[in-house]
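Novice: This structure is in structure tokens; I'll ask about it shortly.
The values are calculated or read from the model by the stated rules, or taken from the named source; none is laboratory data. On a predicted model such as this, the values are computed, not experimentally measured, just so you know. Here the Cβ positions follow ideal geometry from the backbone for every residue, glycine too, while neighbour counts run over all protein chains shown.
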Amino acid sequence: MLIFDDDKLVEVIRACRSSRSLSEAGRTLFAVSRSKRKSTNDADRLRKYLARFDLDWEGIQN
């Protein structure tokens, strides 16, 4: 399971670095699942995911 999380985190960081905003990165990362959700606050979902690894948008961008 840890390897899966590591691989997933690498892709998330890559998407964040290639996006202009947290919202854009969230839309990219959650494009498939967002159609099945009532709430589509992708930026908040991404912020919470990053926090699980003690990361934040500003830290990834710098």
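Novice: Please determine, by comparing only the residues of region 27-41 that are at pLDDT below 75 and of a type in the set (S, T, N, Q), which one is surrounded by the most Cβ atoms within 10 Å (Cβ to Cβ).
Specialist: It comes out as T40.
Novice: Restricting to region 19-36, name every residue that is within 19 Å of I60 (Cβ to Cβ), among the charged types (D, E, K, R) and assigned to a helix (DSSP H, G or I).
Specialist: Listed by number, the residues that qualify are E24, R27.
Novice: Checking D44 against (1) under 19 Å from D7 (Cα atoms); (2) assigned to a helix (DSSP H, G or I); (3) of a type in the set (D, E): exactly one of these is not met. Which one?
Specialist: (1)
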